[in-house]
Amino acid sequence: MQYKQEYAKALVQVLGDVLTEEQITIMIEKPKHDKLGDLAFPCFELAKQYRKSPNRIAEDIASKLDLHIAEKVEPVGGYINIFLKKAVISALTINKVLKEKGQYGSSPVTSKVMTIDLSSPNIAKPFSMGHLRSTVIGNSLALIADKQGYQVVRINHLGDWGTQFGKLIVAYNMWGEEKEVRKSPIKELLALYVKFHKEAEVKPSLNDLGRAAFKNLEEQDEEALQLWKWFREESLKEFMKIYNQLGIQFDSYHGEAFYNDKMDSVVKELQEKGLLMESDGAHVVEVENFPPCLIKKSDGTTLYATRDLAAAIYRQENYRFDKSLYVVGHEQTLHFKQLFAVLRKMGYEWQEGMAHVPFGMILKDGKKMSTRKGKVVLLEDVIKDAITLALKNIEEKNPQLENKEEVANQVGVGAIIFHDLKNFRLNDIEFSLEDMLRFEGETGPYVQYTHARAASLLRKGNYRYDENQQLEMHDHKAWPIIKLLLSFPEVIDKAMNDYDPSQIAKVLLDISKAFNKYYATVKILDEDNLYSRLSLVDAVKIVLNEGLRLLGIQAPQQM
Ligand code: ARG
């Protein structure tokens with residue numbers, strides 16, 4: 001809370017000999033219960049120094065404190081609890097939000113660059129739940145980083161290269177039909193891929209054909225290249241449908257294939273730096289504490305890790321990133337540890353700015369949602385189902401609503417995104433359309449609904465913001481809301497530091513709950529002091545809207 005700083009400033013006047021303002025700021029806590037006050041300073045650590053009981057110390061300091069932001073200073077049980085001047089601070093907070101609007105909580109724009117590697121699905125395969133998580137978490141981190149003043153570059157590192165494309169080419173040449181692939185590319189290509197694996201179990205020589213075809217591809221064989229290009233295009237078309245539904249854009253679609261002509265120089269550099277070792281005909285880089293990182297197979301073809309090495313160097317040279325995030329499932333943790341270790345061995349100090357942002361799985365009935373064995377859950381269908389269910393809910397609750405379809409889109413998609421982002425990313429999450437679309441409980445629609453309720457109050461009260469009008473905020477029932485609004489900028493900071501959008505989702509749920517409680521106990525539209533109350537409502541609306549935006553979710557005006 002911003003007022004922590006002021007409290008620390010007052011405390012350092014008294015404690016300046018023993019503690020710095022910074023140390024004090026870190027020590028200041030939020031009291032366990034609201035009724036104990038708004039901020040608390042613990043005196044236990046000072047007991048040794050002063051040779052007095054924490055209780056006595058708290059009393060002494062409290063009597064010397066000069067704190068204009070507090071209406072009450074109370075030493076209790078070794079703490080100095082303070083109660084902020086609610087009316088003054090409420091008015092200041094609301095005015096700040098109303099003035100800054102969507103800019104509330106934003107940091108100044110800087111020249112710092114953050115690249116974010118997100119989504120990155122594999123061509124010729126269905127867009128998986130894991131890629132959905134990467135897309136949604138990565139998109140939110142990009143929005144948060146932008147709000148924190150970074151220059152953000154969103155990179156979709158498509159999985160469009162590797163031995164599997166050799167296999168696919170072989171499979172297509174043996175069993176494929178152009179017409180079928182054009183009709184439903186992903187389903188058809190996946191079927192070919194699955195068939196290849198099944199046949200290869202009884203006829204292992206197929207694998208050799210696959211490897212040879214990939215080698216052809218890496219050597220730019222025209223025919224192989226044509227097929228590959230076509231598979232990539234068709235797949236990308238399908239992925240774009242999903243991105244459009246989610247409202248997500250990228251700055252770059254440079255996938256693995258883009259680095260094909262950039263790997264030789266990396267391998268050469270590794271050689272020159274004396275890092276490349278031979279092992280069973282393959283080339284590896286040894287890394288401490290982990291298995292060696294495989295750079296080149298014995299047949300000379302490159303690997304996922306080689307392409308990531310080339311990509312990291314390319315990104316640094318091109319974007320000069322200060323930070324570089326990889327939003328990728330936790331099962332790739334070893335891969336990124338190896339990648340980062342190799343870059344450090346190469347002497348690249350900028351490696352320090354790189355981070356793997358891992359996440360857990362999406363489960364269905366406690367089990368991993370798998371696309372293997374040809375059993376495909378198409379994400380496109382999942383999104384469609386969510387929108388249909390949202391529409392059904394709206395028909396029940398608000399059949400008169402004008403732009404039902406549009407709102408159902410926002411609610412259906414918002415529900416999927418919120419359901420993902422409300423959990424700390426490393427937790428596995430259970431996928432349930434019914435749960436995520438509930439209007440009550442900890443859901444996206446609940447927050448959207450609260451926002452729409454605020455909008456409706458403002459319409460009914462004919463509210464207009466007037467910066468010259470004084471706010472009378474003597475209403476103590478609003479205080480829990482004010483405190484949450486005050487915490488919003490700090491929550492954004494923390495969400496960035498921890499790469500954790502769930503902190504924003506949580507504060508939105510808290511604000512919604514506090515506001516709905518207020519709504520249930522206060523007659524907001526009463527004549528007396530209406531302007532002040534509606535200003536609070538507007539501030540809530542602004543912060544909910546901005547918080548949802550940071551998660552990548554839209555906030556309808558009515559629903
Ligand atoms: N395509 C990969 C997969 O689906 C994810 C790529 C992540 N990004 C990266 N630079 N490795 O597993």
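Under a point-charge model restricted to the Cβ atoms of Lys and Arg (+1) and Asp and Glu (-1), what is the dipole moment magnitude of region 252-362 relative to its Cα centre, in debye to the nearest 20?
Result for region 252-362 is approximately 200 debye, rounded to the nearest 20.
Provide the percentage of antiparallel DSSP beta bridges, counting only those with both residues in region 272-415; round to the nearest 5.
Once the DSSP bridges in region 272-415 are tallied, antiparallel ones form about 75 percent.
In degrees from 0 to 90, rounded to the nearest 10, what is the angle of the helix 2-15 Cα long axis to the longest principal axis of the chain?
Helix 2-15 and the main axis of the chain meet at about 60 degrees.
Tell me which GluC sites (Glu not before Pro) from region 487-559 have a DSSP coil assignment and no more than 10 other beta carbons within 10 Å of their own.
In loop regions of region 487-559 (DSSP not H, G, I, E or B), the sparsely surrounded GluC sites (Glu not before Pro) are GLU527.
Tell me the mean residue ellipticity at 222 nm calculated for the chain from its helices only (DSSP H runs of n ≥ 4, each -39500 (n - 2.57), averaged over every residue, nearest 500).
Calculated mean residue ellipticity at 222 nm is -17500 deg cm²/dmol.
List the chymotrypsin sites (Phe, Trp or Tyr not before Pro) within region 7-52 that fall in a DSSP loop (any state other than H, G, I, E or B) and whose Cβ has at most 12 other Cβ atoms within 10 Å.
Sparse-neighbourhood loop chymotrypsin sites (Phe, Trp or Tyr not before Pro): none present.
Can you tally the net charge around ASP466? Count Lys and Arg as +1, Asp and Glu as -1, for every other residue whose Cβ sits under 13 Å from the Cβ of ASP466.
0
Could you give me D for the chain, from Stokes-Einstein at 25 °C and 0.890 mPa s, where the hydrodynamic radius is the Kirkwood radius over C-alpha pairs? Units µm² s⁻¹, please.
So the translational diffusion coefficient is about 91 µm²/s.
Lysines near LYS195 by alpha-carbon distance under 17 Å, same-chain residues fewer than 8 away left out - which ones?
The reachable lysines, counting only those whose Cα sits under 17 Å from LYS195, are LYS125, LYS167, LYS187, LYS203, LYS373, LYS375.
So between GLN13 and GLU396, what do we pick up on full extension, going 0.36 nm a residue minus the alpha carbon distance?
Extra length available between GLN13 and GLU396 comes to 131.8 nm.
Quick check: convex hull of the Cα atoms in region 152-238, volume per residue, rounded to a whole Å³?
103
Given points 7 Å out from each Cα along the Cα-Cβ axis, report the LYS195 to GLU233 separation in nanometres with one decimal.
2.3
Which whole-Hz ³J(HN,Hα) couplings does region 504-517 yield from phi under the Karplus relation 6.51 cos²θ - 1.76 cosθ + 1.60, θ = phi - 60°, glycine and proline marked x?
So the Karplus estimates, Gly and Pro as x, are 6, 4, 5, 5, 5, 5, 5, 5, 4, 4, 4, 5, 5, 5 Hz.
Using the Cα centre as the reference, give the magnitude of the dipole from point charges on the C-beta atoms of the chain (Lys, Arg: +1; Asp, Glu: -1; all else neutral), rounded to the nearest 20 debye.
For this selection, approximately 1060 debye.
Which trypsin sites (Lys or Arg not before Pro) does region 362-463 hold that lie in a coil by DSSP with at most 11 other beta carbons within 10 Å?
Answer in residue order: LYS375.
List the pair-distance distribution P(r) of region 411-559, using every Cα-Cα distance, as the percent of pairs falling in each 5 Å bin from 0 up to the bin containing the longest distance, rounded to whole percents.
2, 10, 19, 21, 19, 14, 8, 5, 2, 1
Taking the Cβ of PHE214 as the center, what net charge do the other residues with Cβ under 14 Å away carry, scoring Lys and Arg +1 and Asp and Glu -1?
-2
Mind checking the angle between helix 479-497 and the chain's longest principal axis? C-alpha axes, 0 to 90 degrees, to the nearest 10.
With both axes taken from Cα atoms, the answer is about 30 degrees.
List the residues whose amide H sits under 5 Å from the amide H of LEU363, counting only those 5 or more places along or on another chain, with H placed 1.01 Å from N in the peptide plane.
For LEU363, whose amide H was placed from the backbone, the distant partners under 5 Å are ILE429, GLU430, PHE431.
I'd like to know how region 347-461 sits against the 2.2 N^0.38 Å rule of thumb: what's its Cα Rg over that expected value?
For region 347-461, the normalised Cα radius of gyration is 1.37.
Among bridges DSSP assigns within the chain, what percent are antiparallel (round to 5)?
Antiparallel bridges make up about 55 percent of those DSSP assigns within the chain.
Name the aspartates and glutamates eligible as straight-distance cross-link partners of LYS506: C-alpha to C-alpha under 16 Å, and not fewer than 8 places from it in the same chain.
Those aspartates and glutamates meeting the cut-off are ASP420, GLU440, GLU442, GLU490, ASP493, ASP498, GLU546.
What does the net charge come to around TRP161 if you take all other residues with beta carbon closer than 11 Å to its beta carbon, with K and R at +1 and D and E at -1?
-1
Which of the aspartates and glutamates could a cross-linker bridge to LYS262, judged by Cα under 13 Å and excluding same-chain residues fewer than eight apart?
GLU218, ASP308, GLU317
What residue among ILE313, TRP228, MET240 has its Cα farthest toward the positive end of the dipole of region 218-324, where the charges are +1 on Lys, Arg and -1 on Asp, Glu, each on the Cβ?
MET240
Among ASN468, THR443, LEU421, whose Cα projects farthest towards the positive end of the dipole of region 419-489, with charges put on the beta-carbon of Lys, Arg (+1) and Asp, Glu (-1)?
Going by the Cα projections, it comes out as ASN468.
Please tell me which of these pairs span more than 28 angstrom C-alpha to C-alpha: LYS147/LYS541; LYS101/LYS422; LYS9/LYS32; LYS384/LYS483; LYS96/LYS384?
LYS384/LYS483; LYS96/LYS384
Quick check: the angle from helix 263-272's long axis to the longest principal axis of the chain, C-alpha only, nearest 10 degrees?
It is inclined by approximately 90 degrees.
Among ALA200, LEU508, GLN410, pick out the residue whose Cα is farthest towards the positive end of the charge dipole of the chain, where Lys and Arg carry +1 and Asp and Glu carry -1 on C-beta, about the Cα centre.
LEU508
Sorted from largest down, give the three principal axis spans of the alpha carbons of region 249-289, whole angstrom values.
The principal-axis extents, from largest down, are 41, 25, 20 Å.
No value in this document is a laboratory result; all are computed from the given coordinates. Note that the structure is a prediction, hence the values are computed from the model and not measured. Cβ: placed from backbone, ideal geometry, glycine included. Neighbour counts: every protein chain shown.
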